[in-house]
Amino acid sequence: MMSELSAQSVQIVFAGIILLFGIGLIGLMITRNLIKIVILLQLMAKAAILGMALAGNVAGKPGLGQSLAVTVIVVDTVVAVIALALAVQVQKTWGTLDLKDLSTLRR
Amino acid sequence: MSVNSAVVMIFLPLIMAPVIYLFGRAVEKTRPEWITTAVNSAALLVMAVMWIPYVLTVRQFAVNGPIELVYGEVSLVVDGVSLLLAAVALALGTLVVFYSKAQMSGKLGDEKYYSSVIAMTGMIIGLGCANDLFNLWVWFEGMAVSSYLLVVFYRDRPSALEAGVKYLVQSAIGSVTVLIGIALVFAYTGEVGFEALAAANLATPVLLGVGALFTIGFGVKIALVPMHTWLPDAHAQAPSGISALLSGVVIEAGLIALLRVLGVLSGDVMPSWGVLLMVLAAVNMLLGNLMALRQKQVKRLLAYSSLSHVGYMLLGIGIAIYAGQPGGAQGGLFHLVSHGMMKGLAFLAAGALIYAASGASHDTSQDHGLTLSDLDGAARRYPFTALALSIAVLGLGGLPPLVGFMSKWQIFVAGFEAQSVAVAALVVFAALNSVLSLAYYAPMVNAVYRRQPSAAIAGGVDLPVSMQIPMAVLTLAVIAVGFWPRLVYWLIVPAGSALSAAFGG
């Protein structure tokens, strides 16, 4: 099949997944800007999409893997839209996108 | 023909949610003064109609056993667990739509509210029926998306926005974790279907790693302890009807999703899932209770008490997996149902008092957090709501004639039948936690009945009948099922055996 990957390219894609996921997770820990948070969440979701496509290839079912990846893209877009709508509303209500300023709820 | 009832049960809410939205927009343009009543009645009609395919599906299930629906490569299976989850979601959804009429009147966007509630109910019903990992994730994410919209319904209220941001970010990380887990399972086996995976032999390290990813991912929604920080904010800031749904169904739906996944990943590591669930249960019970003890706001207190009740459900199911006690699974699922009723009632009653105290102003930009001292003397002004709240919290605390006692009792009995010192110690710990929880439930009842009315309560408005009927229904249910637990056995027994079968019991 055309989409068979060599062992080396599987490793490269796998490293890419870990890198994307790691950047997303570490970024989420250090940033407090809502727009950046949405972008970092998207990075993590992209790692998962890449993972789906790679898993399909490794398991010998590239078609299934790709269709799962496309579905993840669709669902993930919905989440991104809601997150951005939330960011717009936060900016309107609070006048800032910095989450450090949002702390009315006590633990 | 008869197969169609299950199809209708799953897809009717998903079709009706956009219809309700469009209907609301159309009414808003032509007859703005009708919108509240019209949209509420339409949503209530949809919820009422959804019971017809549900009842037909239950009867079909009783005759033929699990119902499988096949669409090309995707299949959905309606079994005991699906019917249990669907029953809780439909019952609470219907009551919440009924309850919300007064709360939503005069507010912008009530068509969005009702269509999101219907969509969320539909997604939960679908989640119970999913038969492969990926399908499960899609329904789970659909449920999460509709609940984001509902948590931030008061979108001009800063605290609600903050709760919504927290909830969305944590949930999104959880869902990515689940996806990575699915990708790993798919890469190792080439399968995502539950039957195929249960037959596949995965190596132990892979099973443990994937199980950890799923526990973390779904654990965000279930509010397992390190991942629980969104829950008190989201539950306290959502409209009260939504708090009831979030606490009564959504976290339980996450629990069912986790159990489905762990059930197919059993292999030879199955007893360790039981241990894992029991340890998480102990942590959840203790932390939930300790945090609830120091809350000042009623809704935050109830939200933290949800943490401890998730612990009881996990304990029952953990006992079932670890010791092969089917009674534990039944007890855990019974507690799922009884917690839905009791916590739903508690949030609806607290919401009614918030509605009363905020008066007729309907000011959505302010957070009318009802504090514990505002509860003082509520029984003088609102005798019925006070009774409902008291019955709900005493049931949650596990007082004997009420349903909360019955479900906890069943879990504890299964624990002692397991004949293991560690499990028995854990059951004693759970019972002590139950006593500890009375330390914050009992003062609420005391304040409601024995103190002089607080300013907020004394100046409150009358409660509409549309709020009191759902509370009356739930109060009766909490008392009736407490006296006759057999009333819900038709739901719990098939669900318990389906769950035990998944874990090889």
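The values are calculated or read from the model by the stated rules, or taken from the named source; none is laboratory data. Keep in mind the model is a prediction, meaning the values are calculated, not measured. Using ideal geometry, Cβ is built from the backbone for each residue, glycine included, and neighbour counts are taken over all protein chains shown.
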Checking the structure you have, find out if any residue of the range B:199-218 is surrounded by fewer than 23 Cβ atoms within 10 Å (Cβ to Cβ), touching an Asp or Glu at 6+ places or on another chain (Cβ under 9 Å) and either within 12 Å of chain A (Cβ to nearest Cβ) or within 28 Å of residue A:33 (Cβ to Cβ) (or both). yes
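Residues checked against (1) out of contact with any Asp or Glu (no Cβ under 8 Å at 6 or more places or on another chain); (2) more than 7 Å from chain B (Cβ to nearest Cβ); (3) modelled with pLDDT under 95; (4) surrounded by fewer than 19 Cβ atoms within 10 Å (Cβ to Cβ):
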residue: A:29; (1), (2), (3), (4): yes, yes, yes, yes
residue: A:35; (1), (2), (3), (4): yes, yes, yes, yes
residue: A:53; (1), (2), (3), (4): yes, yes, yes, no
residue: A:60; (1), (2), (3), (4): yes, no, yes, yes
Reported set for the range A:14-27 where residues are of a type in the set (A, V, I, L, M) and within 11 Å of another protein chain (Cβ to nearest Cβ) is A:17, A:18, A:20, A:25
Pick out, from the range B:185-237, the helices (runs of 4 or more DSSP H) lying fully within it that include 3 or more residues that are over 28 Å from the mean Cα position of the chain (by Cα). B:204-222
Log entry, pairs with first residue in the range B:165-177 being within 7 Å of another protein chain (Cβ to nearest Cβ), second being acidic (Asp, Glu) and part of a helix (DSSP H, G or I), beta carbons closer than 9 Å, six or more apart or on different chains, reads B:172/A:76; B:176/A:76
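So that you can scan it fast, the table gives a plain yes or no per residue for (1) within 23 Å of residue B:468 (Cα to Cα); (2) crowded, with 18+ Cβ neighbours inside 10 Å; (3) charged (D, E, K, R); (4) touching a residue at least 24 places away in the same chain (Cβ under 8 Å):
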residue: B:340; (1), (2), (3), (4): yes, yes, no, yes
residue: B:348; (1), (2), (3), (4): yes, yes, no, yes
residue: B:357; (1), (2), (3), (4): yes, yes, no, yes
residue: B:381; (1), (2), (3), (4): yes, yes, yes, yes
residue: B:384; (1), (2), (3), (4): yes, no, no, yes
residue: B:394; (1), (2), (3), (4): yes, yes, no, yes
residue: B:401; (1), (2), (3), (4): yes, no, no, yes
residue: B:411; (1), (2), (3), (4): no, yes, no, yes
residue: B:420; (1), (2), (3), (4): no, no, no, yes
Restricting to the range A:64-97, give me the number of residues that are surrounded by fewer than 19 Cβ atoms within 10 Å (Cβ to Cβ), more than 7 Å from chain B (Cβ to nearest Cβ) and farther than 18 Å from residue A:38 by Cβ. 4
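So if I check each of B:283, B:310, which one is out of contact with any Pro (no Cβ under 6 Å at 6 or more places or on another chain), surrounded by fewer than 21 Cβ atoms within 10 Å (Cβ to Cβ), in a helix (DSSP H, G or I) and at pLDDT 90 or above?
From the options B:283, B:310, the qualifying one is B:283.
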Scanning the range B:131-156 residue by residue, those over 18 Å from the mean Cα position of the chain (by Cα) and more than 8 Å from chain A (Cβ to nearest Cβ) turn out to be B:131, B:132, B:133, B:135, B:153, B:154
Any idea which of B:239, B:226 is modelled with pLDDT under 95 and surrounded by fewer than 20 Cβ atoms within 10 Å (Cβ to Cβ)? B:226
